[in-house]
């Protein structure tokens, strides 16, 4: 597996897209620090990029890369190589390349201007969202042989988690505003990795007071040991489950 991962990883790093993605993140982060030296305000500005752009780029690039690698995958399948090894090699290589691009593009300027707990949370959230949406992209890619359908399905994933789910959550909160929904809201947040990452970053920026009683409840829960363990565990589940499902489908799929 290590040799296959190494080959795919180096092949991805040579693509112009990864270089452009890294440069885009680096320029955006560096420009934010040029406009304002307050790390908290910079992290707040970068939060929008992390929550919207990172998932979109991760899920689209992964889907396109998977279908562009079909000839290589078929070549590997003709060799005495386990299907599970091929699929996981593709996943780890793609996820690693995108994570490195994110760490270089966002992490280097932050190290230069000074790391804070909020900065570390931003880096952690971005890495986890990258892994989550790469996993979802691989799952969508093995569900259909049609590249256009796969891209459409991945875009649907992104629209749902980035836009639609928030609307549904707000509708539930306003509809049942007369009832104590704090604990239920935490459970609902667990079904959206983007919302979970957003809450984690907002609490690190010490602006939960703007969220009223709900913000105080979130700080009490997510700010403690069990809250950190809960959020990390849920994000890990979001990474692992699509990979497991995608692997099982790929093993049985007739290419």
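The values are calculated or read from the model by the stated rules, or taken from the named source; none is laboratory data. Since this is a predicted model, take the numbers as computed values, not measurements. A quick note on method: Cβ atoms are made from the backbone with ideal geometry, for glycine too, and the neighbour counts reach across all protein chains shown.
State all residues of the stretch 184-194 that are under 12 Å from residue 132 (Cβ atoms) and part of a helix (DSSP H, G or I); if no residue qualifies, say none.
Scanning the stretch 184-194 gives 193, 194.
Can you tell me how many residues in the stretch 15-34 are out of contact with any helix residue (DSSP H, G or I) (no Cβ under 9 Å at 6 or more places or on another chain) and either within 21 Å of residue 96 (Cα to Cα) or at pLDDT 90 or above (or both)?
Of the residues in that region, 2 qualify.
Of the residues that sit in the stretch 17-69 and are outside any helix (DSSP H, G or I) and touching a residue at least 60 places away in the same chain (Cβ under 8 Å), which one is farthest from residue 87 (Cα to Cα)?
Selected residue: 37.
Of (1) touching a helix residue (DSSP H, G or I) at 6+ places or on another chain (Cβ under 7 Å); (2) surrounded by fewer than 23 Cβ atoms within 10 Å (Cβ to Cβ); (3) closer than 30 Å to residue 41 by Cβ; (4) modelled with pLDDT of 85 or more, residue 59 satisfies all except one. Which?
(2)
I'd like to verify a number: residues in the stretch 93-117 that are buried (at least 23 other Cβ atoms within 10 Å of the Cβ) and under 16 Å from residue 197 (Cβ atoms), how many?
Looking only at that region, the number is 2.
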